[in-house]
Amino acid sequence: MMLLATPTGANAAPPASADAVASADTETALVAPDEPGGDQEQTQFYFSGLINFEDDPVPGVEVSIEGGGFDATTVTDADGRWRLYVPEKDTYTFIVDEDTLPEGVIVDPTLLPEGIAPVQGTSASFEVEFGLTNSRVLNLFLGEGTRVTTSFVDQFTERIVNGINFGLLLALAAVGVSLIFGTTGLTNFAHAEMLTFGAVMALLFAGFGLPMWIVIPLVLVAGVALGWGLDAGLWKPLRRRGIGLVQLMIVSIGLSLAGRYVFQFFIGGGTYQLPGAGSPKIDLIGPISLSVIDMWSMGISVLALAGVAYWLLRTRIGKATRAISDNPGLAAASGINVDRVIRVVWMLSASLAAIAGVLWAYFRPGVKWDMGMQVLLLIFAAVTLGGLGTAFGALIGSLIVGILVEVSTLWIPSDLKYVGALVVLILILLVRPQGILGRKERLG
């Protein structure tokens, strides 16, 4: 929740003996806690500090750091100390949750030293960066004051926009899952690794110094090649042997596990950021603010989804894909080359997943060996919600899931936001089991 603060009382002036936020670029931190941050994945880069009010430590204050697709949260210990590890030296946003401060206490803007200022529209968020060393100390002194929260409407509007952005990138992957299921009946658990593949390829190409406007088409081509290889080398031979759908699903789970650990072998267990990650947000209309990356992400998603819609509705092979989804036996009897269409579907689905992986790396976690698994369950939820095997249903389901995930943080902790989307999925399926655009089927 974003907060505005109005300082009041005797503590509105800075203490004579200390700055509000003191920083030091030394390898040995001025505050070097052993316990705070002990449950985090430790790296060589970290922020740490001490939170005081009237020369007394303030325990139980929730602080977080975010930037470049990374975020982490901790709370101050009994001595008011905290530590947050980050994957690399970069510019981050340090945030104090003022709701966890004592009553009548705020992060007083009048106590901030020269060169330190809150992020626009907030009173407890600060842009911080490293110096020459791998640690940064932020000692924070509090003051008395009144906290004023932004309106619920503004927060709701901001989360709706973020949800649309998230839903669009989910749709890129979900449409591919839906097309594969519609034409082959396969529930492909390895789709998560297709997303990771796209992000890893983008990281590789960007490592050669190529600009992202060249990297994105290269990732698209790499995704097409991956889809062709998977179908030619694995799925088509299995189909010809008459392997059942349950066995094929188990193969996809094994392929997912294998792909995941291949990625870990080559890139390690760290998190890597693509060029331009963490770019500052630009105020647009009212409470809506988006970064240039966010706007490009939404634009690419819309263009890609519009292209898929045109392909399905207007092209010959797209119509053949829909025919196979409706009745593969009748489609084959009418002269449609089913294997050829399925090959094209795999190539299209893998390319969409690869692009979605790049956008997901920008939206939240960065490039990591298991990043695809973080979103796979939501992709399946979107496909099921929209209707199994229907590409347009997958789009609608993805937008609903994306918006629900982001908006739900107004009422539930952010750690539970994915659970909220799944609860809504269950409720909708109780009313309409076939999904929003799915067709009723007779069983038995």
Using mean Cβ contacts within 10 Å as the protection proxy, how do 286-296, 157-167 order, highest first?
157-167, 286-296
Determine the gain in length on full extension of the stretch R241-I436; use 0.36 nm per residue of separation and subtract their C-alpha separation, reporting nm with one decimal.
66.8 nm
So if each residue of separation counts as 0.36 nm, and I subtract the Cα-Cα distance between E41 and D55, what length gain in nm does that give?
1.9 nm
What are the ³J(HN,Hα) couplings of region 332-341, residue after residue, when phi is run through the Karplus curve with 6.51, -1.76, 1.60 and θ = phi - 60°? Round to Hz, x for glycine and proline.
5, 5, 8, x, 6, 6, 5, 4, 5, 5
Length released on extending from T91 to L210, taking residue separation times 0.36 nm less the Cα-Cα span:
40.6 nm
Skipping prolines and chain starts, which residues have an amide H placed within reach, meaning under 5 Å, of the one on G49, given they are 5 or more residues away or on another chain?
W82, L138
In whole Hz, with x marking every Gly and Pro, tabulate ³J(HN,Hα) for region 201-209 from phi via Karplus 6.51 cos²θ - 1.76 cosθ + 1.60, θ = phi - 60°.
5, 4, 4, 5, 5, 5, x, 7, x
Built amide H within the under 5 Å cut-off of L290, gap 5+
I282, L284
Can you compute 3J(HN,Hα) from phi for each residue in region 162-174, using the Karplus curve 6.51 cos²θ - 1.76 cosθ + 1.60 with θ = phi - 60°, rounded to whole Hz and x for Gly and Pro?
4, x, 5, 4, 5, x, 5, 6, 4, 5, 4, 6, 5
Sequence gap at least 6, Cα distance under 8 Å: using those rules, report the relative contact order of region 153-260 to the nearest whole percent.
35 percent
Starting from the amide H of G372, placed 1.01 Å from N in the peptide plane, find each other amide H under 5 Å away whose residue is 5 or more places distant or on another chain.
T196
Using just the Cα positions, wrap region 154-431 in a convex hull and report its mean projected area in square nanometres, one decimal place.
15.4 nm²
Using a Förster distance of 25 angstrom, determine the FRET efficiency expected from the C-beta separation of N327 and A225, and round it to 0.05.
0.25
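So, counting K/R as plus one and D/E as minus one, what does the shell of residues with Cβ under 11 Å around E62 add up to?
-3
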Surrounding charge for L313, neighbours by C-beta under 13 angstrom, Lys/Arg +1, Asp/Glu -1, total +4
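Sort 186-195, 53-62 for me by packing, meaning the mean count of neighbouring Cβ atoms within 10 Å per residue, highest on top.
Going from most to least packed, we get 186-195, 53-62.
No lab work stands behind these numbers, since they all come straight from the coordinates. Predicted model only: the values in this text are computed from it and were never measured. Cβ sites come from the backbone with ideal geometry, for glycine too, and all protein chains shown count toward neighbours.
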